[in-house]
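Student: Below you'll find the structure I mean.
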Amino acid sequence: MIEMRAVSKDYNGRRVIDNVSLKVETGERVVLFGPSGCGKSTVLHLIGGLVIPDSGEILIDEELVARAYRNLREPEQRGIGMVFQDLALWPHMTVGENIEFGLKAKRIPYEQRAQRVREMIDLVRLGDYLKARPGELSGGQQQRVALARALALAPRILLMDEPLSTLDDELNNQLREEILRLHSDLGFTLVYVTHSRVEAKELGTRTIHIRQGRVEQENALRGRSREDIHEPPAASCLRDRHY
Amino acid sequence: MEKRLTLAAAAALLAVIGFLPLLTMVTNSFFVDGLFSLKAYQALWDSGRQQLVLMGQSVLLSLYVTFLATVVGVPLGVLLGKTDLPFRLTLTVLLTLPLLIPPYVIAVAWFAVLGSGSWISSLAPETSKYLSTAYFGPYGCTGVLFTTFVPIVILLTIAYVGAVNPRLEDAGRLVSRWPGVLRRITLPLIAPAILFAAVLVFLLTLGEVGVPTYLRYPVYPVETLTQFAAFYNFSAATAAVIPLLVVTLVVLALEYPILHNQVSELRTVTFGGMRTQIKLGRWRLPLLGIVSVWGLVTVALPLAVLIAQSSSLSAYADAFARASDSILRSLVFAIVGASLLTLLGFFCGYLIHNRTLPVWRGIDALTLFLFTLPGTVVGIGLISLWNRPISNFIYGTPAIIILGYLAQYAVLPTRMTSTILDRIPRSLEQAAQLCGTSWFTTLRHIVVPLARRGLIAVWIIGYVFCLRDLGVSIVVYPPGSDTLPVRILTLMANGTPSLIAALCVILIVVTLLPVGAVALWSGRDRIGA
């Protein structure tokens, strides 16, 4: 569960997050929705620990992880995966190395690492591209690598910052399906940022509207149920694994 | 059309100023009295062992300096550019200071610390004797050149850690602590820039003449200068500089493709203005202490002792009496040189930025090559081309010094302008063009005003480098037109330490004057804004 209590954040004297309080239940799919520059991405960065709040508190699974001007849990200690808007794939590493980086940082033994990378590659259906560099892949393939990297450590929470905004409609549809499939199978909590109504409707079980750094409105959506989503055999082996 | 013509003219001018002299020099080295001859090379070959020893010493010195500058400069650059270390700006300015001063002034300053008459010698005469003996030779040369050139590594590291897309680091921070992110993401991403800095330090050390001359350490460029200045054996000097030219060319040819491809890749993923900062936590104060002590010992101490050594009115009166003409000349040459460098660099930088003509890559490579060439090589090249009756109006006048500045330092304004133009959206210029304005009008009313601050910085850098130049000036200056750095080096043989110290302080003040003035002006400008 993620909880933000009266969190505010200023950048260069401008308030970008203003007294935001929100709660995301475990396993929920919440979409942060709003116009560009309204502070949606900053909310994600606050949850991830990449930005420190100026006031308020942030809790993950009821543990206080940040309060005013202080991270009590550093980003790498929060069990969070994130897909960035520009994907942020490391250009000097291969696809395999990108996925492996977090596993290496956690000092997971080589055999387990190799197996996990293989599982992730199969999960996102990129089997032939293990040794390719991000620059050699198409936009959709890069997107899948970013997803695999974010999921490699089996995070409890997955944050996605407008990851599909640069893709064409067809690819966008495909990847939305894929995200739903992965969520259904792995059971992580998803916080998804977008300014697209279609994405919000498709991906969220709840939307939180943000405007000018404040929570304006919350809507419960029907969302797509687990039965709607096809589950591939590769994914089932990954459930309940944590690093 | 006017755009292409102007840029082509700038490219051609740079080729005439920089490339033609080198071509003439290489060609001339194969001719004696108008006839093809390998006599100069035969003589070089005959003294092969001696030349090899000198070249070996030059290369070893360059390797030591490069190693130390990289090992120390990269961590300092990361600390100053990436962390929340207190007083980062002040420390950066302090540590950058040696780059703005001629290297041999640093050598003089260190002798004031270590040598006879210093406070060390009065406190511990034996230690001082030992230190000053060790100072004159490879150790002293390495130490002085290391402190002079380490700012290159620091500044490039600061610039490039700031250019890394913060999202790439954020993605790493979600799974790893900062040391792991730095080691496996940030530093590998900026590795080409670090390599570039190392190559620059290597080549600048290789071409340095002032410090080895002062510290009496025989290296290859000093030998070529001796052939030229002491024996006036021009063909021998010309043949002797060819190996330096070849070494520079080989090193750059090996490094250039790596740098060009990978640094460009780094730039394309940059997010303007957004930076992530490492919180040092409990390490903040200890690291501040280490960096401050480093800056105080390596920069502030020698300069303070130099100022103390010069602190008598009679020393300054003597200095002005013996070098006021050189001071004035240096000022005028530096102002003219910096202004022309800014102009030439603007057009060459524009050409490289917009890739308007296919020669842009050649111009980019040529400017870098000329910068890394020893000043003596550039100087001998200029003499090869211009020393003929028909061009005496250049060879026999200070114009030859200005041409030397333009050739040697063109890379600085060119690269800086190209970077400045990167920050101006192309659409602004295109919008003006669609209104029907000419290219020059667009430049005058759109591009130059937007790039104004950057162009002032370009001018200052040009001024500083022209003023501190020794390598080119010492070879090409016409009789009665020596510059202050040349005059100081000449007076070192028979001038008193306090006179030399006073001249060095005057040189530092004259060099830093416009930097301070612009810093003040920009501060007021910002407050006004």
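Where a number appears in this text, it was derived from the coordinates with a stated rule and is not lab data. It should be emphasised that the depicted structure is a prediction, and the values quoted were computed from it without experimental measurement. As a convention, Cβ positions derive from the backbone with ideal geometry for all residues, glycine included, and neighbour counts pool all protein chains shown.
Student: If you put +1 on each Lys and Arg Cβ and -1 on each Asp and Glu Cβ, how big is the dipole of chain A around its Cα centre, in Debye rounded to 20?
Tutor: My answer is approximately 460 debye.
Student: On to the next question. A:Arg206's amide H: which non-local residues (gap 5+, or another chain) put their own amide H closer than 5 Å, with H modeled 1.01 Å from N in plane and none for Pro or chain starts?
Tutor: A:Arg29, A:Val31, A:Leu221
Student: Rounded if a/c is under 1.5, else prolate if a/b beats b/c, else oblate: with a ≥ b ≥ c from the C-alpha gyration tensor eigenvalues square-rooted, which is segment A:88-190?
Tutor: Oblate, because a/c is 1.5 or more while a/b does not exceed b/c.
Student: Next question, about the same structure. Loop only by DSSP, 10 or fewer other Cβ within 10 Å of the Cβ. Give me the trypsin sites (Lys or Arg not before Pro) in segment B:127-225 that pass, ordered by residue number.
Tutor: Loop-located and lightly packed - none at all.
Student: Please list, in chain and number order, the residues 5+ apart from B:Phe31 or on another chain whose amide H is under 5 Å from its amide H, with Hs placed from the backbone.
Tutor: B:Ser37
Student: Which far-off residues, 5 or more places away or on another chain, put their amide H under 5 Å from the one on A:Met82, with H placed in the peptide plane?
Tutor: Result for A:Met82 returns A:Leu159.
Student: I want to check the label-to-label distance for A:Ser36 and B:Arg49. Put each point 7 Å from Cα in the C-beta direction and report it in nm to one decimal.
Tutor: Label-label distance for A:Ser36 and B:Arg49, simple model: 7.3 nm.
Student: Now, a different point. Using a Gaussian network model on chain A with a 10 Å cutoff between Cα atoms, which of A:Thr207, A:Thr42, A:Thr166 fluctuates the most?
Tutor: The residue with the greatest mean-square fluctuation here is A:Thr166.
Student: With the dipole of chain B worked out from charges on the C-beta (+1 for Lys and Arg, -1 for Asp and Glu) around the Cα centre, which of B:Gly289, B:Gln42, B:Val464 lies farthest toward the positive end?
Tutor: Of the listed residues, the answer is B:Gly289.
Student: What is the total of Lys pairs in the protein assembly as shown with C-alpha atoms under 21 Å apart, excluding same-chain pairs fewer than 8 positions apart?
Tutor: Eligible lysine pairs with Cα atoms under 21 Å apart amount to 8.
Student: While we're here: Going through the DSSP H helices of chain B, which span 30 Å or more along their own axis at the Cα atoms while scoring at least 1.0 as a mean Kyte-Doolittle hydropathy?
Tutor: What comes out of the filter, once short or polar helices are dropped, is B:48-82, B:138-161, B:234-268, B:313-354, B:497-528.
Student: Another one. What percent do you get for the relative contact order of segment B:88-154 when only Cα pairs under 8 Å and 6+ apart count?
Tutor: Contact order relative to length: 38 percent.
Student: Dividing the Cα radius of gyration by the Kirkwood radius, what Rg/Rh value follows for segment B:1-124?
Tutor: Value, to two decimals: 1.15.
Student: Something else: Kirkwood hydrodynamic radius (Cα pairs, Å) of segment B:306-447?
Tutor: 18.1
Student: What dipole magnitude, in Debye to the nearest 20, does segment A:76-156 give about its Cα centre under +1 on Lys/Arg Cβ and -1 on Asp/Glu Cβ?
Tutor: With only Lys, Arg, Asp and Glu charged at Cβ, the dipole is about 260 debye.
Student: Take every Cα pair under 8 Å in chain A that's 6+ residues apart, average their separations, divide by the length, and report that relative contact order as a whole percent.
Tutor: RCO, chain A: 26 percent.
Student: Something else about it: Can you tell me the dipole magnitude for the protein assembly as shown around its Cα centre, using point charges on the Cβ only (Lys, Arg +1; Asp, Glu -1), in Debye to the nearest 20?
Tutor: Here the protein assembly as shown has a charge dipole of around 780 debye.
Student: Grab the eigenvalues of the alpha-carbon gyration tensor for the protein assembly as shown, scale each by 5, take roots, and send me the semi-axes largest first in whole angstrom.
Tutor: The equivalent ellipsoid of the protein assembly as shown has semi-axes of 57, 29, 26 Å.
Student: Please sort by residue number the chymotrypsin sites (Phe, Trp or Tyr not before Pro) in segment A:1-86 whose DSSP state is loop and whose Cβ has at most 15 other Cβ atoms within 10 Å.
Tutor: Answer in residue order: A:Tyr69.
Student: What ranking of B:Lys82, B:Lys279, B:Lys39, A:Lys40 emerges when the number of other C-beta atoms within 10 Å of each C-beta is taken as an exposure proxy, fewest first?
Tutor: Ordered by Cβ neighbours within 10 Å, fewest first: B:Lys279, B:Lys39, B:Lys82, A:Lys40.
Student: Which one, A:Gly39, A:Ser21, A:Val7, is farthest towards the positive end of the dipole of segment A:1-43 when Lys and Arg carry +1 and Asp and Glu -1 on their Cβ?
Tutor: Highest projection toward the positive end goes to A:Gly39.
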